[in-house]
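Remarks on the structure that follows.
Read the figures in this text as sums done on the coordinates, not as results from a lab. Please read these numbers as outputs of a predicted model, since none were measured by experiment. Positions of Cβ are backbone-derived with ideal geometry, glycine not excepted, and every protein chain shown enters the neighbour counts.
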Amino acid sequence: MPRHVAIIMDGNGRWAKRRMMPRAVGHKRGVEAVREVTRAVRDMGLGALTLYAFSSENWKRPADEVADLMGLLRNFIRSDIEEFVANNVRLRIIGDYQVLAPDIVDLIDDALERTARNTGTQLAIALNYGSQQEIARAAAKAAAAGDVTPESIEAHLDTHGMPPLDLLVRTSGEERLSNFLLWQAAYAELWFTDVLWPDFTPAHLKEAIDAFGRRERRYGGR
Ligand code: FPP
């Protein structure tokens, strides 16, 4: 079993377009998929799940789409926090979320605090996240402490304290990392599917995990 799975949730827009519906509907269905997959990961007892919800480049999207995504995020945290608390899920955020709307920052801080002592699955949501920015921040901190090594940089990454990334999934047929977990993916297995994110179910996740189980991992050795 992978200790840590990360997902680039792609294809919400295409899912909606195929149904001649607004993109917002695709994102809304995307949140349903987030919920189902998070529950499945929790029930399987996986150590961690990291989801790419909003990249530092997503601000370039039209303002109404950014507002839709922020609205969904706000509702998601409000409505699902009790479920995290009840199920020992520890919420984490990677990325610089402090620049989001103040009420969202407050909701997040409250949810982080309320789940900080949970010992089950860690659910990390990437918000205003860019991997190169994360690495630069971590390297600057390591340099300020006068100790620049892979280990010292890693200790300052937003994912510090999470299990090593074992499996990275991207939906919707694109096969690129898009500035997501570049450092952490050094030895991760990659799994791509044509399934669009709103159609992604726990059964697809199991397919990815089964494929992971069949891979031979050598970490550069032989
Ligand atoms: C990619 O689809 C998806 C996103 C940019 C955002 C992912 C967001 C969600 C699933 C909802 C919010 C998440 C949470 C945790 C509340 P796209 O719009 O790039 O799709 P396209 O490539 O088909 O246009």
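For region 91-181, what class follows from the C-alpha gyration tensor (a ≥ b ≥ c being the square roots of its eigenvalues): rounded when a/c is under 1.5, otherwise prolate if a/b is larger than b/c, else oblate?
Rounded shape, in that the Cα axes give a/c under 1.5.
What percent do you get for the relative contact order of the chain when only Cα pairs under 8 Å and 6+ apart count? Display every interim value, and only then the final one.
Numbers: 352 pairs, mean separation 66.2, N = 222.
Normalised by residue count, the contact order of the chain is 30 percent.
What shape does the chain take by its C-alpha gyration tensor, where a ≥ b ≥ c are the square roots of the eigenvalues and a/c under 1.5 counts as rounded, a/b above b/c as prolate, and the rest as oblate?
rounded
Which whole-number percent is the relative contact order of region 133-222 (Cα, under 8 Å, 6+ apart)?
23 percent
Note down the net charge around P164, summing +1 for each Lys or Arg and -1 for each Asp or Glu among other residues with Cβ under 14 Å from its Cβ.
-2
Name the lysines eligible as straight-distance cross-link partners of K28: C-alpha to C-alpha under 17 Å, and not fewer than 8 places from it in the same chain.
K17
Taking amide hydrogens as modeled 1.01 Å from N in the peptide plane, which residues meet the under 5 Å criterion relative to M9, leaving out close sequence neighbours?
Correct list: Y52.
Can you work out the FRET efficiency for the pair E82 and E151, with r the C-beta to C-beta distance and R0 = 30 Å, to the nearest 0.05?
0.20
Around P202, with a cut-off of 15 angstrom between Cβ atoms, what is the net charge of the other residues, counting Lys and Arg +1 and Asp and Glu -1?
So the environment of P202 carries a net charge of -2.
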